[in-house]
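Reading through the structure tokens given below for one structure.
The values are calculated or read from the model by the stated rules, or taken from the named source; none is laboratory data. Small disclaimer: the values here were computed from a predicted structure and weren't measured. Ideal geometry is used to build each Cβ from the backbone, glycine not excepted, and the neighbour counts take in all protein chains shown. These accessible areas exclude ligands, DNA and RNA; they are computed on the full protein's heavy atoms, side chains included. Shrake-Rupley method; radii C 1.70, N 1.55, O 1.52, S 1.80 Å.
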Amino acid sequence: MNDNVFHLQDVLLSLKGNAGPVDILRGISLDVAPKESVALTGPSGSGKSSLLMVMGGLERATGGTVRALGEDLTAMNEDALARFRQGRMGIVFQSFHLIPTMTAIENVATPLELAGLADAFDRAQEALDTVGLGHRTNHYPAQLSGGEQQRVALARACAPRPAILLADEPTGNLDSANGAAIMDLLFSLRDQYGATLVLVTHDPVLADRCDRAIALADGQIA
């Protein structure tokens, strides 16, 4: 029995291109242990973000096996994948993906409400307090700076207290000071919840903060 948080075996990903199929991932095998922090590094186009999306069940592998928390993601349909992610995975993107017509607290609480949690707004308030935005709960995304919007996105990802945190270039749209603050927060939240963290980054300093860095090149582990 494999007790790793992630177990990937010979994972392939091909996407349709104008000139035919394009091989994005070519035989990725990888294990990630509980509470480990892993950086996925490599040049643009090497497959880092695609690998993260496959690990999160947001992109379906075209070959091989992807297991997360003991469950076979490759055997699940879209609804089952959405149910699996709910409460188990927090995902942070380079673009903040906040709903512009919702306040900060509504952006954080709504996924919790959809998961059926009675204390959704209490948890959302706690999460916003944790990321230093307890005083901005009723502000809309357009009223927040980029750094503040990414803090809301972090609060939303961590409010369910997930076992897994996935982050795709979470500081890519931020200046260096805000980027450093967000990364400090991400590692702090990882420690607070005992989560396994997998992140995509071009930043060698950030990669060095992780327990392990995995370099990709041309869709393979270099």
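Of note:
- The set of residues from the stretch 74-98 being open to solvent by less than 50 Å² (accessible area, probe 1.4 Å), at pLDDT 90 or above and not in a helix (DSSP H, G or I) comprises 76, 89, 90, 91, 92, 98.
- Number of the exception - residue 8 against (1) at pLDDT 95 or above; (2) on the phi > 0 side of the Ramachandran plot; (3) of a type outside the set (Val, Ile, Thr): (2)
- Those strands (runs of 3 or more DSSP E) lying entirely in the stretch 1-73 with at least 1 residues open to solvent by 50 Å² or more (accessible area, probe 1.4 Å): 6-17, 20-32, 63-68
- Scanning the stretch 145-170 for residues that are part of a loop (DSSP other than H, G, I, E, B) and either surrounded by 19 or more Cβ atoms within 10 Å (Cβ to Cβ) or free of Cβ contacts under 8 Å to residues at least 12 places away in the same chain (or both) returns 159, 160, 162, 169, 170.
- Any chance residue 133 is under 17 Å from residue 205 (Cα atoms), hydrophobic (A, V, I, L, M, F, W, C) and crowded, with 16+ Cβ neighbours inside 10 Å: no
- Evaluation of residue 116 against (1) part of a helix (DSSP H, G or I); (2) free of Cβ contacts under 8 Å to residues at least 12 places away in the same chain (one fails), failing number: (1)
- All of (1) touching a Leu at 6+ places or on another chain (Cβ under 6 Å); (2) closer than 29 Å to residue 33 by Cα hold for residue 107 with one exception: (2).
- Qualifying residue in the stretch 207-219 (condition: on the phi < 0 side of the Ramachandran plot and touching a Lys or Arg at 6+ places or on another chain (Cβ under 8 Å)): yes
- Of the residues making up the stretch 119-130, just one is among the charged types (D, E, K, R) and either in contact with a His (Cβ under 6 Å, 6 or more places away or on another chain) or surrounded by 16 or more Cβ atoms within 10 Å (Cβ to Cβ) (or both), namely 123.
- Remark: pairs (first residue in the stretch 56-68, at positive phi; second residue surrounded by 18 or more Cβ atoms within 10 Å (Cβ to Cβ) and in a strand (DSSP E or B); Cβ separation under 6 Å; 6+ apart in sequence or on different chains) = 64/11.
- Inside the stretch 99-113, residues that are open to solvent by 30 Å² or more (accessible area, probe 1.4 Å) and either in contact (Cβ under 8 Å) with a residue 24 or more places away in the chain or basic (Lys, Arg) (or both) make up a count of 5.
A quick yes/no check of all residues on (1) in a strand (DSSP E or B); (2) open to solvent by less than 30 Å² (accessible area, probe 1.4 Å); (3) under 17 Å from residue 131 (Cα atoms):
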| site | (1), (2), (3) |
| --- | --- |
| 172 | no, no, no |
| 177 | no, no, yes |
| 184 | no, no, yes |
| 191 | no, no, yes |
| 197 | yes, yes, no |
| 202 | no, no, no |
| 208 | no, no, no |
| 214 | yes, yes, no |
